[in-house]
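In what follows, a single structure is set out as structure tokens and then discussed.
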Amino acid sequence: MESIRSLLGKYVELKISGCKIPIAGELVDLGSDIIVIFSETRYMYVPIHHLQHLRLSQDGEDSSSDGKEPLVDHTNISYRKMLMNSRGIFTEIDLGGPSPLHGYVTSIMNDYFIFYSPLYHSVYIPLHHVKYICPLPPNMTPFYLSQHHFQLQQPAVSLSRTLEQQLEKFQNELVIFDLGESPLKAGLLKKVDNRIMELVEAGGNTIFLHCDHVKSVHLP
């Protein structure tokens with residue numbers, strides 16, 4: 001990590017697993033499990049386990065982060081601490097899908113967290129699938145909805161410590177995995193056993209999925 005720390009203040013390019021476009025910007029901070037990049041006008045927090053490569057960029061200099069205060073505390077920064085500090089802040093999260101997710105972190109459990117989105121409501125996201133997190137300016141709200149039209153809502157079900165335990169509570173419920181990217185990842189969750197999920201799709205066919213490869217869960 002010290003070799004990466006030597007690049008602090010430099011304009012770098014990161015290739016992140018699951019992201020087609022590299023992230024470029026000023027390397028402004030580094031924790032034990034997270035990299036902080038200032039790109040254009042915002043801070044991007046990248047869990048380091050998704051880093052494929054990082055290099056000095058040859059494309060020029062980004063705007064400096066000097067004078068721009070981050071929305072979350074960087075003291076002894078870590079991935080989990082960053083999530084805790086971002087609760088209640090309008091945030092963009094990338095899960096490696098066709099488009100990022102926008103909303104608010106509401107609760108953080110052992111291996112997943114709950115993200116409230118106006119489009120999908122409560123979304124259950126495994127910690128290890130997040131590609132980057134980007135808190136957005138405090139004057140922004142999702143889709144520029146007024147506070148009158150947008151209010152945070154807590155999940156209707158109680159929260160379990162682990163995602164597998166939470167999925168067990170959704171047995172015999174309709175669920176949507178990975179924000180509906182694939183028609184094979186939506187249906188009736190019949191059973192969760194030893195991290196293998198039995199899902200019945202609309203046509204009645206049974207599909208088996210492994211919990212480790214689910215990027216998000218929400219109920220329709």
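Selection within the range 37-58: residues that are touching a Phe, Trp or Tyr at 6+ places or on another chain (Cβ under 8 Å) and farther than 16 Å from Cys19 by Cα. The member of this set that is modelled with the highest pLDDT is Leu56. In the range 18-38, the qualifying residues are those that are assigned to a strand (DSSP E or B) and open to solvent by 20 Å² or more (accessible area, probe 1.4 Å), and the one that is nearest to His74 (Cα to Cα) is Asp29. The residue list Leu119, Leu136, Leu188 contains one member that is more than 30 Å from His50 (Cβ to Cβ) and either open to solvent by less than 70 Å² (accessible area, probe 1.4 Å) or modelled with pLDDT of 85 or more (or both), which is Leu188. Remark: pairs (first residue in the range 194-218, hydroxyl-bearing (Ser, Thr, Tyr); second residue assigned to a strand (DSSP E or B) and open to solvent by less than 70 Å² (accessible area, probe 1.4 Å); Cβ separation under 6 Å; 6+ apart in sequence or on different chains) = Thr206/Val200; Ser216/Val123; Ser216/Ile125. Taking Leu71 as the residue in question, decide whether it is surrounded by 13 or more Cβ atoms within 10 Å (Cβ to Cβ) and of a type in the set (A, V, I, L, M, F, W, C). Considered against the rule, which asks whether it is surrounded by 13 or more Cβ atoms within 10 Å (Cβ to Cβ) and of a type in the set (A, V, I, L, M, F, W, C), Leu71 comes out as yes. Here His50 meets each of (1) under 29 Å from Glu181 (Cβ atoms); (2) outside the structural domain of Glu13 (by the TED database) with one exception, condition (2).
The values are calculated or read from the model by the stated rules, or taken from the named source; none is laboratory data. The model shown is predicted, which means the values in this text are computed figures rather than measured ones. Neighbour counts run over all protein chains shown; Cβ positions are idealised from the backbone, glycine included. These area figures cover heavy atoms from the full protein model, side chains too; ligands, DNA and RNA do not enter into them. Shrake-Rupley method; radii C 1.70, N 1.55, O 1.52, S 1.80 Å.
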